[in-house]
1. Could you grab the pairs with beta carbons closer than 6 Å, sequence gap of 6+ or different chains, first residue in segment 26-42 and over 18 Å from PRO78 (Cα atoms), second one crowded, with 16+ Cβ neighbours inside 10 Å and hydroxyl-bearing (Ser, Thr, Tyr)?
2. Can you tell me which condition LEU37 does not meet? The list is (1) under 30 Å from ILE115 (Cβ atoms); (2) at pLDDT 90 or above, and all the others hold.
3. Among the numbered conditions (1) closer than 22 Å to THR50 by Cβ; (2) surrounded by 10 or more Cβ atoms within 10 Å (Cβ to Cβ); (3) modelled with pLDDT under 85, tell me where GLU67 comes up short.
4. Could you give me the residue pairs with C-beta distances under 9 Å whose first residue belongs to segment 76-96 and is under 19 Å from PRO55 (Cα atoms), whose second residue is charged (D, E, K, R) and surrounded by 17 or more Cβ atoms within 10 Å (Cβ to Cβ) wherever it lies, and which are 6+ apart or on separate chains?
5. If you scan segment 103-114, which residues turn out to be under 20 Å from SER69 (Cβ atoms) and either basic (Lys, Arg) or outside any strand (DSSP E or B) (or both)?
6. If you scan segment 38-72, which residues turn out to be in a strand (DSSP E or B), touching a Cys at 6+ places or on another chain (Cβ under 8 Å) and of a type in the set (S, T, N, Q)?
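The values are calculated or read from the model by the stated rules, or taken from the named source; none is laboratory data. All values reported here derive from a predicted model rather than from experimental measurement. Because the Cβ atoms are built from the backbone with ideal geometry, glycine has one as well, and the counts that use them run over all protein chains shown.
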Amino acid sequence: MGRYVPPDQEGVLSFNQASGKGHALGNRARKINQGILTIRFELPFAIWCTSCRHPTLIAQGVRFNAEKSRVGSYHSTPILRFTFTHPPCSGRIEIRTDPANTAYIVHSGARKRDIGEAEEGKREGDVVVAGLKTEGEKVRLANDPFARVEEKVEDEATKKREGGRVEELYAASGVWDDPGEMNRRLRREFRVGRKEREKEWQSAEEVKERIGFGGELVAESEEDVVRAGLVEFGEVEDLESRVRAKGLFDSTNGKTRGGSGSSGKTEKRSISTVRDQPKDNLRKSLGTNTRAAIDPFITSSKSSPTTTPSIKRKRRKSPDPTLPLDPPPRETTPRTTGTLPLVDYDSE
């Protein structure tokens, strides 16, 4: 499908030529006549871009669209060149293969990040396989029995040190031996609490809509329940009844004016009276609360609605229908008062 060639071109042009691409790889091979192919290149190590105004580090593993071409050979192995553009600065970076050392080298546009002197025969990004020995180590172990004993002791210590971790990893991977069973178990556990979670979410949304809160409500905890139970709110009915029971002009806490035998000066309260005032207030509040808790009449009076004292007004008597009604008021025409004219007097 999609490989249509016109009848007049069939047998003359290939499908790639007839499609207009010119090559099976399409736009990637637009420079194939120059020996250049566009590929996806991944950095084998971190490099510093030298074209940027400020030093910029390009991390290992970052991918670029690079132009791949051949620039030489090492014996029969080709030496490849990868050229790409660094987008922030539009600088060109070139990296080449090094078949002699089985590595990559930065040719231009950047420099390799220096991580210190590596061990002999090891480079950044190399995979180190434990247990491999060089020819010199093999000869030394063959000729020195003490070296073989030391190596055996080191292997036993390593096994003892790493054995626990290996067993933990093995047990963790064994949980997923049967992915289908694990999937069914997870779905079954999720299905049990799904209705409850939906109900909690719906109630939380109702609370948020009621209080006008736009954030996320956390789940209710036992500590929240305990703290909410410790909160005690005041009784508004008792406060209203106390205020209504007081006189309108209560002068117990105020200062009296012009008492008999007084010299007209207000008496200063002593320091002991000021100090004992909080105690008296506390004693009064405790007495009131105790009486409210013990006296059954006060408790029963709370349920009955409290009456607000008000001023009694006299009712107007309805007019007697037998008496004649008052005549309507006569319409009076407004009297216009003219302004007095000014009189000019001759000066004497």
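1. ARG28/THR38
2. Looking at each condition in turn, LEU37 falls short on (1).
3. So GLU67 meets the others, but not (3).
4. Taking only residues 6 or more apart or on different chains, the pairs are PHE84/GLU67; PHE84/GLU94; GLU94/ARG81; ILE95/ARG81.
5. Looking only at segment 103-114, we keep the residues that are under 20 Å from SER69 (Cβ atoms), and these are 103-110.
Selection gives GLY109 alone.
6. THR56 - this is the single residue of segment 38-72 that is in a strand (DSSP E or B), touching a Cys at 6+ places or on another chain (Cβ under 8 Å) and of a type in the set (S, T, N, Q).
Conditions tested, residue by residue: (1) at pLDDT 90 or above; (2) crowded, with 16+ Cβ neighbours inside 10 Å; (3) in contact with a strand residue (DSSP E or B) (Cβ under 6 Å, 6 or more places away or on another chain).
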{"position": "TYR4", "(1), (2), (3)": "no, no, no"}
{"position": "LYS31", "(1), (2), (3)": "no, no, no"}
{"position": "VAL62", "(1), (2), (3)": "yes, no, no"}
{"position": "PRO78", "(1), (2), (3)": "yes, no, yes"}
{"position": "ASP114", "(1), (2), (3)": "no, no, no"}
